[in-house]
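First the structure, in the form of structure tokens, and then the observations on it.
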Amino acid sequence: MPHRSVFDASELKTQFHDAGISHRFIPSIWKFAIQNPDRQLDEVPDLPSAAYPLLRSNFKPLTSTLHSVSHSTDGFTSKLLVKLQNGAFVEAVIMRYDTRLGKYGGKPRPGGLRSTLCISSQVGCKMGCKFCATGTMGFKNNLSSGEIVEQLVHASRLSNIRNVVFMGMGEPLNNYTALVEAIRIMIGSPFQLSPKKITVSTVGIIHAINKLHGDLPGLNLAVSLHAPVQDIRCQIMPSARAFPLEKLMDALQVYQKNSQQKIFIEYIMLDGVNDEEQHAHQLGKLLETLKVVVNLIPFNPIGSSSQFRTSSEHRVSEFQKILRGTYNIRTTVRKQMGQDISGACGQLVVNLSDKRSPENTSLLTDIEDIHL
Ligand code: SF4
């Protein structure tokens, strides 16, 4: 049996419980693993003696390794290629922002450099969105909660991570149990991220949205809507057939009533598909009764084979004007980051035959959908 990640919380808790060891030791074990990822768990100080053989035989501080890191030339984006214990790869992306560059009340914003980590939750994805490279590679496997948390551990060694977004490879709500467990670890000791700093992005898995607020109150929810009507959604997102728009909107109403939080709506701008004036009005009407922030995402073509084209800047700006002006919906246009390392939305295609990689493997994975 391969060793489990020490961040696989339910497994660790079960084994501690069966061995009569208190759970209160777990945060200090995690703290040690974060600070000393290259040391053995036998070296964690002050544990009950029964904990040491249990940890040694069944758990590792990290089951994944940081295979390579690429930095964008502007230094704001770093792409991490993480190798899992089963040999599969996932990507995580660190995006750094200087809040002082923005304005608040006409003055520079307070703060400084902040980092957001975009995390993967699955290897591949079952959802098959047509504009997404991950969607074309099919589904390989779910990540365990430990493998999800380990991306944060790797990234934290490179940058002070303040925000986490589940917008990497995979549909997080399709790996619900591991997602919930991983987020509970992130908001607990020793990570102690605020739930407000964690965003889960979904294509709209209705039954999971219905449970999410009860399991993880305070979290940010982002919904990849990408179309204002069911038939366009089905054209570009086959999973929309299983989660009809009308039922999805009902679920969002209930979610908002319970959570009292605004919902982020992601909308990828595809030339001639969903970016016309009528679509902006349809979207405005659809969202009128919700408190939302719409994020318009200029599409990044994935290689030359993409069937979609990027909407012109003019179209994006007209679309934004309608949502803002006619429907009073806060609407932003996503800033593109890290394009020179294929780290921008829809671009993360990793080719391990590249010079930095010690192993010669064919085209692997990508993160298609970084929503910020
Ligand atoms: S856009 Fe997200 S949900 Fe759709 S195929 Fe890509 S990874 Fe899956």
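Maximal additional length on extending the MET249-ARG56 stretch stands at 64.6 nm, based on 0.36 nm per residue less the C-alpha distance. Residue ranges 324-335, 181-192, 68-79, 41-52 sort as 181-192, 68-79, 324-335, 41-52 when ordered by packing (mean number of other C-beta atoms within 10 Å per residue, highest first). Using a/c under 1.5 as the rounded threshold, could you call the chain rounded, prolate or oblate? The axes a ≥ b ≥ c are square roots of the C-alpha gyration tensor eigenvalues, and prolate needs a/b larger than b/c, oblate otherwise. Because a/c hits 1.5 or more and a/b exceeds b/c, the chain counts as prolate. Binning the alpha carbon pair distances of the stretch 4-59 at 5 angstrom intervals from zero yields the distribution 4, 21, 37, 29, 8, 1, expressed in whole percent. In straight-distance terms, cross-link reach from LYS291 covers every one of the lysines whose alpha-carbon lies under 30 Å from its own, apart from those fewer than eight places away in the same chain; here that gives LYS103, LYS107, LYS126, LYS130, LYS196, LYS197, LYS211, LYS247, LYS257, LYS262, LYS321, LYS335.
Among PHE166, PHE59, the ranking by other beta carbons within 10 Å of each residue's beta carbon, starting with the fewest, stands as PHE59, PHE166.
Figure the gain on full extension for SER49 and ASN141 (residue separation times 0.36 nm, minus the Cα-Cα span) and round it to one decimal in nm.
29.6 nm
Each reported figure results from applying straightforward, stated rules to the coordinates on display, with no laboratory input. Not measured: the values here are computed from a predicted model. Cβ sites come from the backbone with ideal geometry, for glycine too, and all protein chains shown count toward neighbours.
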